[in-house]
Amino acid sequence: MLVHLVSFKYKAGTTKAQQADHRSQLQQLANIDGILDFKVGEDVVRSPRSYDTGLLVVFRDRAALDSYATNPRHIPVANLGRDLSESIVAVDFIS
């Protein structure tokens, strides 16, 4: 299994509605082939080092991650995340 973690820190001025819409659009990707587990949520701690939204996706294997990255449903949501965010961090590891 391959674990894909992504955290989004939104730009100043990004509204709560825009953030909720982004999380909703992310959630709509949960049934893409090759995904074994999918979680998305809003940060509740709000520490100085916190990001605003977290995404955890467990893929069957590296090929499933690669397929997800180029999936036509994923691309516009990824672009939205980039447009809304001042910073995005990710890590992918074998579990």
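Taken together, the values in this text are just the output of simple stated rules run on the coordinates, not laboratory data. Please read all numbers here as calculations on a predicted model, not as lab measurements. Backbone-built Cβ (ideal geometry, glycine too); neighbour counts: all protein chains shown.
Among the residues of segment 1-50, count how many are of a type outside the set (D, E, K, R), at positive phi and surrounded by fewer than 12 Cβ atoms within 10 Å (Cβ to Cβ).
1
Could you say which residue among Arg46, Arg73, Arg60 is among the basic types (Lys, Arg) and either touching a Ser or Thr at 6+ places or on another chain (Cβ under 6 Å) or free of Cβ contacts under 8 Å to residues at least 24 places away in the same chain (or both)?
It is Arg46.
Residue by residue through segment 8-17, note down the ones that are out of contact with any helix residue (DSSP H, G or I) (no Cβ under 6 Å at 6 or more places or on another chain) and more than 10 Å from Gly81 (Cα to Cα).
Selection gives Lys11, Ala12, Gly13, Thr15, Lys16, Ala17.
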